[in-house]
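Reviewing the structure listed below.
What follows is calculated from the coordinates using simple rules that are stated; it is not laboratory data. Worth saying up front: this structure is predicted, and the values here are computed from it rather than measured. Reconstructed Cβ throughout: ideal geometry from the backbone, glycine too, with neighbour counts over all protein chains shown.
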Amino acid sequence: MNTKTLGYVTMIASAILMGCVGLFSRNINTSGDVIAFTRMLVGAICVVGMLFYQGKMHLIRTTKVSASMLASGICLGLCLAAYVSATQYTSLANAVFLIYTGPVFSTILATIFLKEKISPLTAALLTAVFIGCLFIIGIIKYDAINGLSASLTFSKETFKGDMLGLLSGIGYGLYLFFSRYRTDVRSDSRSFFNFLFGAIAIALCFIVNPPSLADMDTSSWVWLLSMGFFIGFCALTLLTIAAKHLKAAELACISYLETVVGAGIGILMFAETLTTLQSIGGVLVIAGGMGEIVITITKKQRAKRQAI
């Protein structure tokens, strides 16, 4: 498997797992920062266990930690904490829309600072994916009386949640951006430091706002620890691998697959329904994300044939 294909496969797998956040969080009776901290902590422990089993603990000791590695871990931890918390103080539509400004933000930063070029076709695919996301989360709606309409409201009642959602989007974008630095570091070592610095950043927040575990029962603990493994260790490790091999725009396109997965779980597990416009949005997301993959693979095959 070449590096680009590896990047696509791991990013798709990560997006699918990340789309399951709602399934887990709805069964956990605690705050978003505790959930995010557990994801980071369990992820770090799992990486250490994996490296210890493989006899590669020296990889952590010999890795030279840089400012970009520290920044990416902190941004990831705070992004996840802010996002889950945002859903508790504002509408889900606002929270999801605001965090998904992140991939667009990271693409712009990568274009300016990393000089990553975006082809017109990739830009069109990214635009289609972004519009599809707006359809799915209901920012763009349609009714027979008003036709198409777009709304993202900020009010006193939801201001705190909206600001947390905006913070999560900025954090996500910065995480994706900083992940494009230090691609020389092995993915397992990079994952460990992402988890470690993310957990430390959230733990520092606990000093200001101590968490409460009073409502946690046995079922909540099982869901929380399971989420730490699957949505923490597995999903974020796969995302780290993908970020090493894909450009920011490619990561952005595929990351929106998470919204489709989340909608599918809502339909299958919670009897939620999709409007026609939301269904169209799902098609745009899949077409945009998969289109980037198909185009890249086609170009590589064409180049190989020409070389022969």
Item checked: Pair I108, L213: separation of 7 Å Cα→Cβ label points (nm) -> 4.1
Next item on the list: Using packing as a proxy for protection, rank 175-181, 135-141 so that the peptide with the highest average count of other Cβ atoms within 10 Å comes first.
Entry: 175-181, 135-141
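Can you give the local net charge around Y89? Use residues other than it whose beta-carbon is closer than 14 angstrom to its beta-carbon, Lys and Arg +1, Asp and Glu -1. Each step should come with its number before you reach the end.
Details: positive: K156, K160; negative: D33, E157, D162.
In short, -1.
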Check: Hey, got the dipole for the range 99-208? About the Cα centre, +1 on K and R Cβ, -1 on D and E Cβ, debye to the nearest 20?
Finding: 260
Next item on the list: Among T3, Q54, T101, flag the residue with its Cα farthest along the positive direction of the charge dipole of the chain, charges on Cβ as +1 for Lys/Arg and -1 for Asp/Glu.
Entry: T3
Notebook entry, point to check: Hey, what's the per residue convex hull volume over the C-alpha atoms of the chain, in cubic angstrom?
Noted result: 160
Next item on the list: Treat every Asp and Glu Cβ in the chain as -1 and every Lys and Arg Cβ as +1, leave all other atoms uncharged, and give the resulting dipole magnitude about the Cα centre to the nearest 20 debye.
Entry: 1440
Notebook entry, point to check: If we restrict to alpha carbons, what Rg and Dmax does the range 188-277 come to, in Å?
Noted result: 16.9, 46
Check: What number comes out for the charge environment of T62, summing +1 per Lys or Arg and -1 per Asp or Glu over other residues with Cβ under 12 Å away?
Finding: +4
Next item on the list: Any of K56/K117; K117/K244; K56/K115; K160/K247; K247/K304; K56/K304 with alpha carbons more than 25 Å apart? Name them for me.
Entry: K56/K117; K56/K115; K160/K247; K56/K304
Next item on the list: Go ahead and run the numbers for FRET between V222 and R61, Cβ-Cβ distance against an R0 of 35 Å, rounding to 0.05.
Entry: 0.55
Item checked: Hull shadow area, averaged, the range 1-123 [alpha-carbon convex hull, nm²] -> 10.5
Notebook entry, point to check: Where does the charge balance sit around V48 when Lys and Arg score +1, Asp and Glu -1, over other residues with C-beta under 13 Å from its C-beta?
Noted result: +1
Check: Add -39500 (n - 2.57) for each DSSP H run of 4 or more in the chain, then divide by its residues: what number comes out at 222 nm, to the nearest 500 deg cm²/dmol?
Finding: -24000 deg cm²/dmol
Check: If you place +1 on the Cβ of every Lys and Arg and -1 on the Cβ of every Asp and Glu, how big does the dipole about the Cα centre of the range 129-286 come out, in debye to the nearest 20?
Finding: 560
Check: Kyte-Doolittle mean at least 1.0 and Cα extent at least 30 Å along the axis: which DSSP H helices of the chain qualify?
Finding: 32-54, 67-89, 187-208
Notebook entry, point to check: If you count, for each residue, the other Cβ atoms within 10 Å and average over each peptide, how do 59-71, 224-236 line up from highest to lowest?
Noted result: 224-236, 59-71
